[in-house]
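Shown next, in structure tokens, is the structure this report addresses.
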Amino acid sequence: MSAEVIIKKEREKSLNNHHPWIFSGSIAEIKGDPQAGQTVLVRSGEGSVFGQGAFSPSSQIRVRMWTFGVEEDVDAKFITRRVNTAIRLRRNIIDVKKTNAFRLINGESDGLPGLIVDHYASWLVIQTLSAGADYLLPLILSELRAQFPGYAIYERSESAVRSKEGLPLRKGSLNGKEPPELIEIKENNLRFLIDIKEGHKTGFYLDQRDNRQLLSGFARDKEILNAFSYTAGFAVYALNSGARRVINIDASENALQIGRKNLELNALSGDKVQQIQGDVFEQLRSFQAEKRRFDVIILDPPKFVQAVRDIRKGSRGYKDINRLSFELLKPGGYLFTFSCSGHMKADLFQKIVADAALDARAKAVILYSLSQGADHPVALNFPEGKYLKGFVIQKLN
Ligand code: SAH
């Protein structure tokens, strides 16, 4: 008999809403001796069953729910069903003739808490972030091998979240094939090189695909500042759509170098691109001192808010770069501004950007409210899944 986790009466609401996380404080009692990652039956004190989840003894999120109700067992067939559903969802939203890089499995929102799988050409890059996903990894891998014969699978289970789960960091090939230094993918028929071993996330910011595409429509003949450029994703789209000039700024020399290769790979003229290795905050200030002006500015910073306690400090960071950008924009110019911090809620982010515009004496309007692409869906029972927020804003004066 599997171990059981009994939920406190006053904490049942979240489970009734099918939220997949059970915090340690919601648990009244644990029956049996579940090991890390093992599947436990979750029920109320009165005996009614909520479903089954993965036990995680060291995490504040003590259980992550695999199933709700009593119908499903957590076995190989369960993994097959969930993976099939995830594949079907992507089939309708990704045109594989144009794009072969996308998120295949997006954790909680695909009903597989703690599991990320990204599809890059003929590679799958997998990240397990929870004890439960680690525990089921053999089943997950055999399903992926069956669904994607001939693919190579690489593991990047290195996220800091794993330490909260008491899990070691792990990376490496899962079927003997070592990835080359860079692999080539296509996104909307543009070509990109990806470092799946050392690159950020699993190698690429797949979540920005639609927003990069949206930039294309604003790029013709424009002078564009691409701040936090990583491997020049936005720059490749902009130049491909006729931008006059793009300046990429990033702290990472390595990312800028891959960016240069990406521009070459798409036969985009090197003369139209300037790359600056440095700190965006400092660069924006020195552009301001030089009275430089731009038609379009992209701000796609890393997570400034890592935890709730960083919200104030992170907010100051967002406000600074947005204020400086409003100052650097020409009248009529466009700001593509993003926050990928899950703890920064959309309404607060909008307020920060509004304050930044006020301080810069800019009159501005939101043209588009943006988020992550549809291959990063957000389950309705898991609002935390929406982490990327962005706006296209036009400065009027
Ligand atoms: N827009 C990119 C993704 C940006 S990720 C894309 O579409 O692919 C954020 C980037 O910011 C990373 O490449 C990181 O190296 C860089 N970065 C972080 N802090 C920085 C800073 N203070 N100044 C400049 N770059 C920074």
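The values are calculated or read from the model by the stated rules, or taken from the named source; none is laboratory data. Values in this document were obtained by computation on a predicted structure and should not be read as measured data. Counting neighbours? That spans all protein chains shown, and the Cβs are built from the backbone with ideal geometry, glycine included. For accessibility, only protein heavy atoms count, side chains too; no ligands or nucleic acids. Shrake-Rupley method; radii C 1.70, N 1.55, O 1.52, S 1.80 Å.
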- [ ] Among the residues of the range 232-243, count how many are near the ligand (Cβ under 9 Å from one of its atoms) and in a loop (DSSP other than H, G, I, E, B).
- [x] 1
- [ ] Collect the residues in the range 24-38 that are open to solvent by less than 90 Å² (accessible area, probe 1.4 Å) and more than 11 Å from residue 54 (Cβ to Cβ), keeping them in residue-number order.
- [x] 24, 25, 26, 27, 28, 29, 30, 31, 32
Task: Selected residue (criterion: farthest from the chain's Cα centre (by Cα)) from residues of the range 288-316 that are within 15 Å of the ligand (Cβ to nearest atom) and open to solvent by less than 10 Å² (accessible area, probe 1.4 Å) - done: 296
- [ ] Considering only residues that are open to solvent by 50 Å² or more (accessible area, probe 1.4 Å) and not in a helix (DSSP H, G or I), look in the range 276-287 and name the one that is nearest to the ligand (Cβ to nearest atom).
- [x] 279
- [ ] Would you check if there is a residue in the range 244-251 being open to solvent by 20 Å² or more (accessible area, probe 1.4 Å), more than 14 Å from the ligand (Cβ to nearest atom) and either over 19 Å from residue 372 (Cα atoms) or modelled with pLDDT under 95 (or both)?
- [x] yes
Task: Elements of type helices (runs of 4 or more DSSP H) contained in the range 112-231, each with 2 or more residues being within 16 Å of the ligand (Cβ to nearest atom) and within 30 Å of residue 391 (Cα to Cα) - done: 209-216
